[in-house]
Amino acid sequence: MNTAGRLGLYGAGLVVAFGAAYLAAGAIVPDSAVAAWSQASHADDPGHAAEQQEPADTEQKEQEVTGVTISASGFTLAPLAAPAATGTDGELAFRILTADGDPVTAYETAHGKQLHLIVVRNDGTQYRHVHPELDAATGVWSLPWTWDAAGTYRVYTDFVSDGTAATLSRTVDVAGTLTPNPATEVITTASVDGFDVAITGDLVAGADSDLTVEVTRDGEPVTTLEPYLGAFGHLVALRDGDLAYLHVHAHGDEPEPGDTAGPAVAFTAGVPTAGRYLLYLDFQVDGQVRTAQFVLDAVASDAAPDHGSDGGDDHGGH
């Protein structure tokens, strides 16, 4: 039997031949021997080891990025129905499909809701975080919708179904006169409806970073923050450029109904790469939800400041 025949017999495994003499003899080398040979041959070549490790590290970092595709984890976000232009009242509707193309009709509650719908224009403006209604018979999610400004928008669906969490997104083009307003500098303070909100902490690429937001009104600390979506605040982070959706975790246990907190709310954010990030904090006072927006720049791990965060034990939200 020639060499090709022998390779066919071992098609389920890896076949390695050492040199022309071994090829002629048709020798088959076990995987374990190949691994040992490879390790020994490059033991004195740290550059080769780093080169071999780099793709794995890159892949791991990319796996941390979500919200930039229409399909993931066995689910697909079907095409969206939405008004085509600004100033037109209509409906935003969509379905989540299984790998077989069937509509998903059963969802699990996460952060107080079965599905979180987040919409933002490509320049980071026009942010909305809302919760549509599900028609369990058809799997269609919908809510009334009007676009306030023209542009290209990314629409995220953040949900859990059958024990699997996924964040899927599609883009929608909205006709009208476009006036882009991208972030051009770091923003660590925001004012909304008489509340002043400040964020502190450093974002470090490839590491968990502690962030703390503090809410005041008329110079006085606000201690009446109410639970919202299972925490005393809900923070969303998007990577500027591709608007990758990043998971931000709250400090502390889930509050009970009637609990209040403030003025500080603490979070842990993990960002995969250095660069600019857009952050949106939803907080609730007197039954009304408000959104404060920030812009932070993440540094590479070797350029991170050598100090800790004071965001310790306060409650927060995703």
Q: Identify, by number, the condition in (1) over 22 Å from A190 (Cα atoms); (2) hydroxyl-bearing (S, T, Y); (3) outside any loop (DSSP other than H, G, I, E, B) that T273 doesn't meet.
A: (3)
Q) Which condition breaks for Y156 when tested against (1) more than 30 Å from D89 (Cβ to Cβ); (2) under 15 Å from the mean Cα position of the chain (by Cα); (3) not assigned by TED's automatic domain parsing to the domain that holds L296? A) (1)
Q: Pull up the stretch 156-171, narrow it to residues that are among the hydrophobic types (A, V, I, L, M, F, W, C) and in contact with a Leu (Cβ under 6 Å, 6 or more places away or on another chain), then point me to the one that is farthest from S71 (Cα to Cα).
A: F159
(Q) Return the residues of the stretch 191-221 that are surrounded by 20 or more Cβ atoms within 10 Å (Cβ to Cβ) and either outside the structural domain of Q288 (by TED's automatic domain parsing) or among the aliphatic types (A, V, I, L, M) (or both); say none if nothing qualifies. (A) V197, I199, L203, V204, L211, V213, V215
(Q) Just checking: which of the strands (runs of 3 or more DSSP E) contained wholly in the stretch 105-158 hold 3 or more residues that are surrounded by 18 or more Cβ atoms within 10 Å (Cβ to Cβ)? (A) 115-121, 140-145
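Can you tell me which of L238, L278, L211, L243 is part of a loop (DSSP other than H, G, I, E, B), of a type in the set (A, V, I, L, M, F, W, C) and either within 18 Å of T66 (Cβ to Cβ) or at pLDDT 95 or above (or both)?
Values: L238 fails: part of a loop (DSSP other than H, G, I, E, B); L278 fails: part of a loop (DSSP other than H, G, I, E, B); L211 fails: part of a loop (DSSP other than H, G, I, E, B).
Matching residue, one of L238, L278, L211, L243: L243.
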Q: Go through (1) farther than 25 Å from Q126 by Cβ; (2) touching a strand residue (DSSP E or B) at 6+ places or on another chain (Cβ under 7 Å); (3) not hydrophobic (A, V, I, L, M, F, W, C) one by one and return the number of the condition G233 breaks.
A: (1)
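Going residue by residue through the stretch 123-132, is there one that turns out to be touching a His at 6+ places or on another chain (Cβ under 9 Å), in the same structural domain as T260 (by TED's automatic domain parsing) and not hydroxyl-bearing (S, T, Y)?
Let us first name the residues in the stretch 123-132 that are touching a His at 6+ places or on another chain (Cβ under 9 Å), namely 129-131.
Now drop any that are not in the same structural domain as T260 (by TED's automatic domain parsing), which leaves none.
No, the stretch 123-132 contains no residue that is touching a His at 6+ places or on another chain (Cβ under 9 Å), in the same structural domain as T260 (by TED's automatic domain parsing) and not hydroxyl-bearing (S, T, Y).
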Q: Could you please give the count of residues in the stretch 177-190 that are surrounded by 11 or more Cβ atoms within 10 Å (Cβ to Cβ), more than 22 Å from the chain's Cα centre (by Cα) and among the polar types (S, T, N, Q)?
A: 2
**Q.** Selection count where residues are at pLDDT 95 or above and within 18 Å of T167 (Cβ to Cβ), scope the stretch 246-267
**A.** 1
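The values are calculated or read from the model by the stated rules, or taken from the named source; none is laboratory data. The shown structure was predicted, so the numbers you read here are calculated from the model rather than taken from an experiment. Positions of Cβ are generated from backbone atoms using ideal geometry, with glycine treated the same way; all protein chains shown enter the neighbour counts.
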